[in-house]
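Peer 1: Have a look at this one before I ask anything.
The values are calculated or read from the model by the stated rules, or taken from the named source; none is laboratory data. Just so it is clear, the structure is predicted and the values come from calculations on it, not from any experiment. Because the Cβ atoms are built from the backbone with ideal geometry, glycine has one as well, and the counts that use them run over all protein chains shown.
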Amino acid sequence: MPGSTKKYSARLQPRDYSILIGLFEARLMSLDNIAALYFQDNSKPYESAKKRIQDLKKDGIVKERPREQREPSHLFLTKKAFLTLQNENKLGEYPRLTWKSFEKRVRVSEGTVEHEMQVMDVKAALEPAINTLPGFKVGQFSTWPILYQFHAEYPRHWQHDKLTEKILKPDGYISIKTPKHIRDFFLEVDLSNEVERILGNKAVLYQEYYNSGEFAVRNGGVREEKEKFPFLVLFVVQSSERRNEAAAWLLKYTKVLTQVWLTTIKEITTDPLGDIWVRPTEYRDVVRGTAYDIDKHLKPHSPREAFIEQTIQKHRLLAIDP
C-alpha cells in the first residue's frame, strides 16, 4: 500500500499463499472450493481445509460472510491478508490495487454472490480433474473478468440487439497445457432463466473476437494468422432443456456451430471430464427432419429432452487434442 510502512507478519505456509492469491482473484470461495483446489493431495481434503481455514480465521487472515446456520460459508480476504500479499510481492501478475479499491471489489452484492459461487464451483470441479490427466496441466484458470474482457462488434446483419458493439467480460478464461500445445477456453456460466438471445449474443461476439484476429494479436500473433490461435467457448447452463433451447437458437439465428460447447451445471460438477458437451452442429443433426427441427419448433417440449438425451452425440472436453 503506497505510503504504508506497517508490516504484517502472518505465519503462512506455502499452501496458504496459493489459497490467499486464489481468494484475491476470485473474491469469494467456499470451503468446498478451497478443499477441491488446494487440498487434493490430502487423504481428507475437506477436513484438512476446514482445519487450516479455522487457523487462518484466528490469525485474522480470512473472514466469512454473515450467513444462516445451514448456508455454506463464503470466505474472503481481510486487510491483514491483503497487505501481507502486497508487502511480500505476491501480486505482481495482477493490477495494482489499494486496500480501499480491493475492499470495494470484495464487497460482493447479495444478488451477485450466487453467480460468483457457481463460477467457482465449475472451476473447483474442472481444474483438479484436468490436472490428474497425464501430460495435461491447467496453466491458468482466471475468474477475474476484467483481466480478459474484450471489445467486439456485431456483424452488420445482426438484428437481435440494438447495440452494434460491446465489451464482453468472460466469467472465466482457461489455458490448458496439453502434450502437444496449449488450448484456450472462455467460460460463461448462466444458470438464470434469461432468454436464449442473451447467450446467442455472447456467442456471436466471441466468434467476431476470433474472426477479427484480436485474440491472435492479444496472444502475440497477427490478425492474418488467427487460425493459429483457436479457442472454444464453454457455456454452462441450468438444465438440459435450457441447453437445447440455446443450441436451437444458435442454429436458427447464428453461424456458430462448433466454437460454442454447452453443458449443464450438474454434468460439469459431477463428471467434468466425461461425455457431457453438446455442440449446435450435433443438435442440428439430431433434430433434422423430426418434430423438433429448428424450423418447426423452438418452444420447450418435454418429450424433446428425453429424445435428445438418448440420441445426441456428446463430447469430452479433452478427448481430442488437435
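Peer 1: If you take the residues of region 1-37 that are more than 16 Å from residue 143 (Cα to Cα) and among the hydroxyl-bearing types (Ser, Thr, Tyr), which of them is modelled with the highest pLDDT?
Peer 2: The qualifying residue modelled with the highest pLDDT is 17.
Peer 1: A further question on this structure: Only one of these conditions is not met by residue 217: (1) without any contact (Cβ under 8 Å) to a residue 40 or more places away in the chain; (2) closer than 30 Å to residue 128 by Cβ. Which number is it?
Peer 2: (2)
Peer 1: Every residue in region 84-134 that is of a type in the set (S, T, N, Q) and not in a loop (DSSP other than H, G, I, E, B), please.
Peer 2: 84, 86, 87, 101, 112, 118, 131
Peer 1: Against the conditions (1) over 23 Å from residue 22 (Cα atoms); (2) of a type in the set (Ser, Thr, Tyr); (3) at pLDDT 95 or above, where does residue 148 fall short? Just the number, please.
Peer 2: If we test residue 148 against (1) over 23 Å from residue 22 (Cα atoms); (2) of a type in the set (Ser, Thr, Tyr); (3) at pLDDT 95 or above, just (1) comes out false.
Peer 1: Between a residue in region 103-121 that is closer than 15 Å to residue 30 by Cα and any residue that is assigned to a helix (DSSP H, G or I) and β-branched (Val, Ile, Thr), which pairs come within a Cβ distance under 8 Å, given they are 6 or more apart or on different chains?
Peer 2: 118/265; 121/265; 121/269
Peer 1: Moving on to the next point. Which ones in region 171-193 are at pLDDT 95 or above and under 16 Å from residue 121 (Cα atoms)?
Peer 2: 171, 172, 173, 174, 186, 187, 188, 189
Peer 1: Restricted to region 29-74, and to residues that are over 23 Å from the mean Cα position of the chain (by Cα) and among the hydroxyl-bearing types (Ser, Thr, Tyr), which residue is surrounded by the most Cβ atoms within 10 Å (Cβ to Cβ)?
Peer 2: Checked region 29-74; the qualifying residue surrounded by the most Cβ atoms within 10 Å (Cβ to Cβ) is 48.
Peer 1: Shifting gears a bit: With the condition kept exactly as written, say whether any residue in region 252-265 is surrounded by fewer than 21 Cβ atoms within 10 Å (Cβ to Cβ), in contact (Cβ under 8 Å) with a residue 60 or more places away in the chain, farther than 27 Å from residue 116 by Cα and not basic (Lys, Arg).
Peer 2: Within region 252-265 (the criterion being surrounded by fewer than 21 Cβ atoms within 10 Å (Cβ to Cβ), in contact (Cβ under 8 Å) with a residue 60 or more places away in the chain, farther than 27 Å from residue 116 by Cα and not basic (Lys, Arg)), the answer is yes, since at least one residue qualifies.
Peer 1: Across region 279-292, what is the total count of residues that are touching a Ser or Thr at 6+ places or on another chain (Cβ under 7 Å) and outside any helix (DSSP H, G or I)?
Peer 2: 1
Peer 1: For region 162-264, which fully contained helices (runs of 4 or more DSSP H) count at least 1 residues that are closer than 20 Å to residue 280 by Cβ?
Peer 2: Result: 196-211, 240-253.
Peer 1: Would it be correct to say that residue 84 is among the polar types (S, T, N, Q) and over 21 Å from residue 187 (Cα atoms)?
Peer 2: yes
Peer 1: Continuing with the same structure: Determine the pairs where a residue that is touching a residue at least 24 places away in the same chain (Cβ under 8 Å) and aromatic (Phe, Trp, Tyr), located within region 128-142, has a partner that is surrounded by 17 or more Cβ atoms within 10 Å (Cβ to Cβ) and not in a strand (DSSP E or B) with Cβ atoms under 7 Å apart, the partner being 6 or more residues away or on another chain.
Peer 2: Note: pairs meeting the criteria are 136/130; 141/123; 141/127.
Peer 1: Against the definition (crowded, with 16+ Cβ neighbours inside 10 Å, charged (D, E, K, R), assigned by TED's automatic domain parsing to the domain that holds residue 303 and in contact with a helix residue (DSSP H, G or I) (Cβ under 6 Å, 6 or more places away or on another chain)), how does residue 226 come out, yes or no?
Peer 2: It is true that residue 226 is crowded, with 16+ Cβ neighbours inside 10 Å, charged (D, E, K, R), assigned by TED's automatic domain parsing to the domain that holds residue 303 and in contact with a helix residue (DSSP H, G or I) (Cβ under 6 Å, 6 or more places away or on another chain).
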